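These notes are about the structure you will find just below.
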Amino acid sequence: MTTTLTIQQAAAATGLSVHTLRYYERIGLLDPISRRDNSHRLFREEDLLWIAFLLKLRRTGLPVRDMLQYAAWRRQGNTVQSVAARKALLIAHTHSVEQNLAELHSNLQVLQRKIAMYEELELGNAVQIRHKEP
């Protein structure tokens with residue numbers, strides 16, 4: 001038996017708002033979510049796994065338009081063209097993420113050098129202050 005979640009439960013499980021889940025479905029990032037007879041959405045485990053992947057893409061800076069294109073290729077199934085297109089998009093995005101990480105690492109090193117410099121200055125000032133005391 002497949003476990004399903006209401007939209008509120010899915011929101012809690014994913015960290016997204018109910019509004020965002022509805023929006024993602026409306027724009028086509030999510031496949032149509034199955035519904036109960038009363039039209040309430042029922043999210044399956046597969047939906048939650050897909051949402052988790054979308055969140056990884058979003059958190060790494062992939063634009064929504066590219067996420068939409070990826071979702072469209074995914075709906076085509078594992079055809080040669082679809083797989084190649086999805087792979088190419090992920091490779092390009094991976095390179096972008098790697099460049100961003102390298103830049104962040106470089107910036108972090110500058111900050112760490114500045115902090116070390118200020119610590120040395122503080123130690124130097126502490127020595128100077130002690131020498132001035134009677």
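The values are calculated or read from the model by the stated rules, or taken from the named source; none is laboratory data. The model shown is predicted, which means the values in this text are computed figures rather than measured ones. Here the Cβ is made from the backbone with ideal geometry for all residues, glycine too, and neighbour counts use every protein chain on show. Just the protein is used for accessible areas: all its heavy atoms, side chains included, with ligands, DNA and RNA removed. Shrake-Rupley method; radii C 1.70, N 1.55, O 1.52, S 1.80 Å.
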Practice task
Quote the charge dipole size of the chain about the Cα centre in Debye, to the nearest 20; the model charges only the Cβ of Lys and Arg (+1) and of Asp and Glu (-1).
Solution key: 460
Handout entry: With every protein chain in place, the chain: carbon and sulfur % of accessible area (1.4 Å)
Key = 56
Fill in the blank from the handout: Of the convex hull drawn through the C-alpha atoms of the stretch 45-105, the volume per residue in Å³ is 78
Practice task
Could you go through the stretch 59-70 in sequence order and give the Karplus-derived ³J(HN,Hα) for each residue, using 6.51 cos²θ - 1.76 cosθ + 1.60 with θ = phi - 60°, rounded to whole Hz, and x for Gly and Pro?
Solution key: 5, 9, x, 5, x, 4, 4, 6, 5, 5, 5, 4
Exercise for the section: Round to a whole angstrom and tell me the spacing of the C-alpha centers of the stretch 81-121 and the stretch 3-61. Expected result: 29
Handout entry: Under Karplus coefficients 6.51, -1.76 and 1.60, residue-wise ³J(HN,Hα) of the stretch 99-113 in Hz, glycine/proline x
Key = 5, 4, 5, 4, 5, 4, 5, 4, 5, 4, 4, 4, 4, 5, 5
Problem - Local net charge near SER17, Cβ-Cβ under 15 Å (Lys/Arg +1, Asp/Glu -1) - result: +3
Handout entry: Correct option for Cα extents along the principal axes in Å [calculated from the coordinates] among (i) 86, 37, 26; (ii) 39, 31, 27; (iii) 45, 40, 26
Key = (i)
Exercise for the section: In a Gaussian network model over the chain where Cα atoms closer than 10 Å are linked, find which of LYS114, LYS56, LYS87 has the largest mean-square fluctuation. Expected result: LYS114
Handout entry: Over the chain, relative contact order from alpha-carbon pairs under 8 Å, at least 6 apart, %
Key = 17
Completion exercise
Mean-square fluctuation maximum in Gaussian network of the chain, Cα pairs under 10 Å, restricted to GLN76, GLN112, GLN99, hits GLN112
Problem - Most mobile of LEU108, LEU49, LEU121 in a GNM of the chain (Cα contacts under 10 Å) - result: LEU121
Exercise for the section: Convert each backbone phi in the stretch 37-52 into a coupling constant with the Karplus relation 6.51 cos²θ - 1.76 cosθ + 1.60 (shift: θ = phi - 60°), then list the ³J(HN,Hα) values in order as whole Hz, x for Gly and Pro. Expected result: 4, 7, 6, 6, 5, 10, 8, 8, 4, 4, 5, 5, 5, 5, 4, 4
Handout entry: Protein-only accessible surface order, largest first, of MET67, MET117 at 1.4 Å
Key = MET117, MET67
